[in-house]
Amino acid sequence: MRLKDNIIVVKIGGSTFTPDSPEAARRGQLDTSLEDVVALHREGMRPVVVHGGGKDITAWQERLGLSAQFERGLRVTDRGGLEVAVAVLAGLVNKELVAALTALGGRALGLSGADGGLIRGRIKDPALGYVGEIVSVDPTPLSLAWDMGCIPVVAPLGLGEGTLLNINADTAAGEIALALGAPLLFLTDVPGVIDDKGEVMGRLTAAEARRLITSGVISQGMIPKVEACLRAAEGGTYAQIVNGGKPHVLIRALEGRMVGTKVVRG
Ligand SMILES: Nc1ncnc2c1ncn2[C@@H]1O[C@H](COP(=O)(O)OP(=O)(O)OP(=O)(O)O)[C@@H](O)[C@H]1O
Ligand SMILES: [Mg+2]
């Protein structure tokens, strides 16, 4: 993998990092993603970590007696839902990641897309409430973090017209990678994109991806990931979806080993 300016964008799925669930904690012991990020940073690379946290938001909504509602895979976000999303994403999940990276000997700076004007957005569809689509990305806050010797850890929020916005983490990671011209790696809970025969696809072209989305083979949480990969690929960068639970998958992907699904333009 060729790395422009040594930058890499790594999206960590809520499914590989959920501190509250014992099952995920057990998986977390195998998950070396954060260790790899710290090692790469130490070697002089400039990683950006973007995280989700959908499962944690839902768990907190339930604790608060609120219900989670989805439309086409996107969380319908009313005012109360936005408050929970901000508290959980920019608070709990972001700081747990900063703490975990620090415990592994790294130095991390947690920020959200709303901080320093990193992500500006607008309401995507009034029916979805405070769900944002991205208007622009200003990577300056990321450079400041690197200059301070820190790994930036980004919670997927955006700044809209006078309001915070809840942004899909995969989309945020894709747009950040595009703005930086940097490769994009999705660490998730499946070995890659699985085709209609149940096989992991080593390579996925834009045309195949569209066909598999239309036919429903690619569904739910895989849709925004593949779409973000396609956006990144169209922008000339490199995107890959791998299983974050596999030991040192991040390093192996960077070494160009055959892991997961590589999404290519044509
Ligand atoms: N064709 C497909 N191949 C592989 N996974 C698929 C496919 N279609 C749908 N999926 C689903 O997509 C899921 C991965 O997306 P998901 O949103 O659940 O995880 P994540 O993005 O890593 O975590 P989070 O959303 O919590 O940040 C898989 O667990 C699988 O259930
Ligand atoms: Mg997801």
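The values are calculated or read from the model by the stated rules, or taken from the named source; none is laboratory data. Since the structure is predicted, the reported quantities are computational estimates derived from the model, not experimental observations. Note that each Cβ is placed from the backbone with ideal geometry, even for glycine, and that neighbours are counted across all protein chains shown.
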Just to be sure before I move on: is Leu165 in contact with a Ser or Thr (Cβ under 8 Å, 6 or more places away or on another chain), buried (at least 24 other Cβ atoms within 10 Å of the Cβ) and of a type outside the set (Gly, Ala, Ser) in the structure I sent? no
Whether any residue in segment 199-211 is at pLDDT 90 or above, within 20 Å of Val48 (Cα to Cα) and surrounded by fewer than 21 Cβ atoms within 10 Å (Cβ to Cβ) is what I want to check. no
Consider segment 178-202. How many of its residues are closer than 27 Å to Ile134 by Cα and more than 16 Å from ligand 2 (Cβ to nearest atom)? 6
Show me the strands (runs of 3 or more DSSP E) found entirely inside segment 59-159 where at least 1 residues are without any contact (Cβ under 8 Å) to a residue 24 or more places away in the chain and surrounded by fewer than 17 Cβ atoms within 10 Å (Cβ to Cβ). 132-137
Answer yes or no: is there a residue in segment 215-231 that is small (Gly, Ala, Ser) and in contact with a Phe, Trp or Tyr (Cβ under 9 Å, 6 or more places away or on another chain). yes
Please work out if Val153 is within 16 Å of ligand 1 (Cβ to nearest atom), touching a Phe, Trp or Tyr at 6+ places or on another chain (Cβ under 8 Å), farther than 20 Å from Met222 by Cα and modelled with pLDDT of 95 or more. no
Pick from segment 65-80 the residues that are out of contact with any helix residue (DSSP H, G or I) (no Cβ under 7 Å at 6 or more places or on another chain) and more than 15 Å from ligand 2 (Cβ to nearest atom): which of them is nearest to Lys124 (Cα to Cα)? Asp78
With respect to the numbered conditions (1) farther than 19 Å from Lys225 by Cα; (2) under 19 Å from the mean Cα position of the chain (by Cα); (3) β-branched (Val, Ile, Thr), which one is the sole condition not fulfilled by Thr163? (2)
Against the condition surrounded by 24 or more Cβ atoms within 10 Å (Cβ to Cβ) and more than 16 Å from ligand 1 (Cβ to nearest atom), how does Ile176 come out, does it pass? no
Filter segment 213-238 for residues that are within 14 Å of ligand 1 (Cβ to nearest atom) and among the charged types (D, E, K, R); the one that is nearest to Val264 (Cα to Cα) is Glu227
Quick count over segment 118-144, residues being under 18 Å from the mean Cα position of the chain (by Cα) and more than 23 Å from Gly80 (Cα to Cα), is 8
May I ask you to verify whether Val49 is within 16 Å of ligand 2 (Cβ to nearest atom), within 30 Å of Trp146 (Cα to Cα) and at pLDDT 95 or above? yes
Quick one: Gly174 ticks every box in (1) farther than 16 Å from Val10 by Cα; (2) of a type outside the set (Ser, Thr, Tyr); (3) part of a helix (DSSP H, G or I) bar one, so which box is it? (1)
Would it be correct to say that Val263 is under 23 Å from Ile7 (Cβ atoms) and of a type in the set (Val, Ile, Thr)? yes
